[in-house]
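Contents: one structure, followed by commentary.
The values are calculated or read from the model by the stated rules, or taken from the named source; none is laboratory data. What you are looking at is a predicted structure, and each value in this text was computed from that prediction instead of being measured. FYI the Cβ positions are ideal-geometry reconstructions off the backbone, even for glycines, and counts take in every protein chain you see.
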Amino acid sequence: MIGQSHAVPGGAHFAFTDRWGGVSAAPYDSLNLGGAVGDDPGAVRANREYAARALGLDAAKVVWMNQVHGNDVAIVAAPWEDRSVPEVDAIVTTRPGLALAVLTADCVPVLLADPVAGVAAAAHAGRPGLVAGVVPATVEAMVGLGARPERITAVTGPSVCGSCYEVPEAMRDDVAATVPQARATTSWGTPSVDVAAGVHAQLARLGVQMCEKSHICTMESGDYFSYRRERSTGRLAGYVWLDGDAS
């Protein structure tokens, strides 16, 4: 099902799925939208079609990524069709009606749009991507297409929270050396990383003022896929698109 969905004035739409309402069997039950986690490909296709219909989208006009925890950004004007899906962690478009999708299961899905400039983007920000700067790279690509940071609305979806994302102290120090705001402590007192806090700090530093942050922790909520909780599991999706016809 669509867990969260809303629009902003000017015609930008943001949506995030939860794990329910699809056809995948355990451990991917049931609305798994990830095609590279071991699930039946037919089930994934059916789930993607269902999610698109629920959002009023054409599943054939949704752009996906082959996410690799990096900072590369692709500018897109159409689905990949028969071309290989590139290894990128952000996609940007100026094409109305073309939906951009990002897959997560603890990482931070980042959706961005400047409806005035007609630019939208989706980014995948895990711990490595946060440090690598995938969010600044995405905003830079948007600005290159006419967006202005003060006009961009950024929405981050469900992800593992800083109170749950335990890491070794040295790893936390490495992340905090680049993004100090990501330094955190678990609810049981051990070192952790708050990737969402780091993403929002980067957005603020870039001048993006209109930001929304999900309150949902994927590791705490059984309604969402969590790799850290389950290991073998499905993937959620975040979608962003601008009003118009992508045909």
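Do you know which of the residues in segment 66-89 that are in contact (Cβ under 8 Å) with a residue 40 or more places away in the chain and touching a strand residue (DSSP E or B) at 6+ places or on another chain (Cβ under 6 Å) is surrounded by the most Cβ atoms within 10 Å (Cβ to Cβ)?
D89
Being buried (at least 20 other Cβ atoms within 10 Å of the Cβ), under 21 Å from G118 (Cα atoms) and of a type in the set (A, V, I, L, M) is the filter; apply it to segment 142-171 and report the residue that is farthest from the chain's Cα centre (by Cα).
Ranking the qualifying residues of segment 142-171, first place goes to A147.
Mind checking whether some residue in segment 232-241 is free of Cβ contacts under 8 Å to residues at least 40 places away in the same chain, surrounded by fewer than 20 Cβ atoms within 10 Å (Cβ to Cβ) and out of contact with any Ser or Thr (no Cβ under 7 Å at 6 or more places or on another chain)?
No, the conditions are met nowhere in segment 232-241.
If A36 meets every condition in (1) more than 19 Å from V155 (Cα to Cα); (2) touching an Asp or Glu at 6+ places or on another chain (Cβ under 9 Å); (3) assigned to a loop (DSSP other than H, G, I, E, B); (4) not hydroxyl-bearing (S, T, Y) apart from one, which number is that one?
Unmet for A36, out of (1) more than 19 Å from V155 (Cα to Cα); (2) touching an Asp or Glu at 6+ places or on another chain (Cβ under 9 Å); (3) assigned to a loop (DSSP other than H, G, I, E, B); (4) not hydroxyl-bearing (S, T, Y): (2).
Condition test on A52, is it more than 16 Å from T218 (Cα to Cα) and modelled with pLDDT of 95 or more?
yes
Name the residue, out of T178, T153, T218, T138, that is among the polar types (S, T, N, Q) and more than 23 Å from H69 (Cβ to Cβ).
Step by step, each of T178, T153, T218, T138 is checked, and only T153 is among the polar types (S, T, N, Q) and more than 23 Å from H69 (Cβ to Cβ).
Looking only at segment 92-131, which residues are among the hydrophobic types (A, V, I, L, M, F, W, C), in contact with a Ser or Thr (Cβ under 9 Å, 6 or more places away or on another chain) and surrounded by fewer than 24 Cβ atoms within 10 Å (Cβ to Cβ)?
A117, V131
Please go through segment 191-211 and pick out each residue that is touching a helix residue (DSSP H, G or I) at 6+ places or on another chain (Cβ under 7 Å), crowded, with 16+ Cβ neighbours inside 10 Å and either of a type in the set (G, A, S) or free of Cβ contacts under 8 Å to residues at least 60 places away in the same chain (or both).
Once the filter is applied, which keeps residues that are touching a helix residue (DSSP H, G or I) at 6+ places or on another chain (Cβ under 7 Å), crowded, with 16+ Cβ neighbours inside 10 Å and either of a type in the set (G, A, S) or free of Cβ contacts under 8 Å to residues at least 60 places away in the same chain (or both), segment 191-211 yields P191, S192, D194, A197, G198, A201, C211.
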